[in-house]
Amino acid sequence: MDLPRTLISTFRGAAYPVVLTGSGISAESGVPTFREAQTGLWARFDPQELATPEAFARDPKLVWDWYAWRRKLVSEAQPNEGHLAIAAAQETFPNFTLVTQNVDGLHQRSGSSGVVELHGNICRTMCSVEGTEVETYNEGESPPLCPACGAPLRPDVVWFGEMLPYVALGVATEAARRSDVFLSVGTSSLVYPAAALPFEAIENGAMVVEINPGETPLTPHADYALRGRAGEVLPRLIRELSK
Ligand code: OAD
């Protein structure tokens, strides 16, 4: 696939590039996506049973154990070429914003800093009542209990029906509104408010580039839709920038 020259030159000249990632960027690290037929987590598990405050209230052990399984999977995964290419790009732009819907921490582990996490991080644990982060707890319990108040602990992720972290969403929205180049990578563009971010960029006249092997509701609105895997397309794109 030849990368369009205008895409490269516009990206190279960007003052405020923004990259939004979804689970597709971690697929090549062996972390399952959500909505893909057969392999997606929501094809195999019911989110209403596992990823809502009601599910946790009903069966905290089931929910804790499911997240413990995912946490183990993520901790055994390694960042891939896509994560690394984004970390490299971040070095070359002074005002680069990386926004992710992923909870796997792979961007940070690939060297990216200041990652705006819209949906939390599965590696962090918090008190289900106080909302405070808890670092030390009894790993043998399921779920473990808050050392301060005794309430069950939960993963620090956004569940269906919950608000996104206020500060992260604010930073992401501001960055999208200011952006001149916006990359949407490995996301189905179905989940709001994250899916609204590229449209904020479009409002600002930004060049919007989608990197995804499949089509999404964003595709018809993007200036460029690069059909391919993030781990393949991103390194090529970043190499071109430095030529
Ligand atoms: P989805 O599972 O909805 O979409 C994954 C996207 O990644 C699809 O469009 C795939 O075509 C694409 N994809 C697969 N492999 C890829 C690859 N190697 N390179 C590039 N793209 C690839 O996942 P998300 O869009 O991340 O929310 O889902 C958004 C949110 O829905 C998640 O953050 C999660 C979920 O419910 C919460 O948990 C709050």
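The values are calculated or read from the model by the stated rules, or taken from the named source; none is laboratory data. Since the model is a prediction, treat every value here as computed from it, not as a measurement. Neighbour counts run over all protein chains shown; Cβ positions are idealised from the backbone, glycine included. Note: accessible area is taken over every heavy atom of the protein model, side chains too, but ligands, DNA and RNA are not part of it. Shrake-Rupley method; radii C 1.70, N 1.55, O 1.52, S 1.80 Å.
Of all beta bridges DSSP finds with both residues in the chain, what is the antiparallel percent, to the nearest 5?
The answer is about 25 percent antiparallel.
Roll a 1.4 Å probe over the protein chains and send me the accessible area per residue for the chain in Å².
The answer is 47 Å² per residue.
So if I restrict to the alpha-carbon atoms in the range 135-190, what is the Rg, and what is Dmax, the biggest pairwise distance, in Å?
In order Rg, Dmax, the Cα atoms of the range 135-190 give 17.4, 49 Å.
What is the angle, in °, between the Cα long axis of helix 166-178 and the longest principal axis of the Cα atoms in the chain? Nearest 10 is fine, range 0 to 90.
10 degrees
Using just the C-alpha positions of the range 69-117 as equal point scatterers, what log10 of I(q)/I(0) does the Debye formula give at each q in 0.28 1/Å?
Normalising to I(0) and taking log10 leaves -1.10.
Give me the angle, in degrees from 0 to 90, between the Cα long axis of helix 60-76 and the longest principal axis of the Cα atoms of the chain, rounded to the nearest 10.
In the chain, helix 60-76 runs at an angle near 40 degrees to the longest axis.
What 222 nm value per residue comes from the helices of the chain, counting each DSSP H run with n ≥ 4 as -39,500 (n - 2.57) and dividing by all residues, nearest 500 deg cm²/dmol?
Estimated from H runs of four or more residues: -10000 deg cm²/dmol.
Based on alpha-carbon centroids, what's the gap between the range 102-154 and the range 20-87 in Å, whole number please?
If we compute the Cα centre of each part, the gap is 15 Å.
With Cβ to Cβ distances under 15 Å as the rule, what net charge do the other residues near Ala195 carry (K, R +1; D, E -1)?
Here the count lands on -3.
Using label points projected 7 Å from each Cα along Cα→Cβ, tell me how many nm separate Val171 and Tyr224, to one decimal.
With each label point 7 Å from Cα toward Cβ, the separation is 2.7 nm.
Note the per residue figure in Å³ for the convex hull of the C-alpha positions in the range 97-243.
Spread over its residues, the Cα hull of the range 97-243 gives 137 Å³ apiece.
Run the dipole for the chain about the Cα centre, Lys and Arg Cβ at +1, Asp and Glu Cβ at -1, nothing else charged, and hand back the magnitude in debye, nearest 20.
For the chain, the charge dipole is close to 520 debye.
With all distinct Cα pairs included, what does the Kirkwood hydrodynamic radius of the range 1-157 come out to in Å, to one decimal, could you say?
17.4 Å
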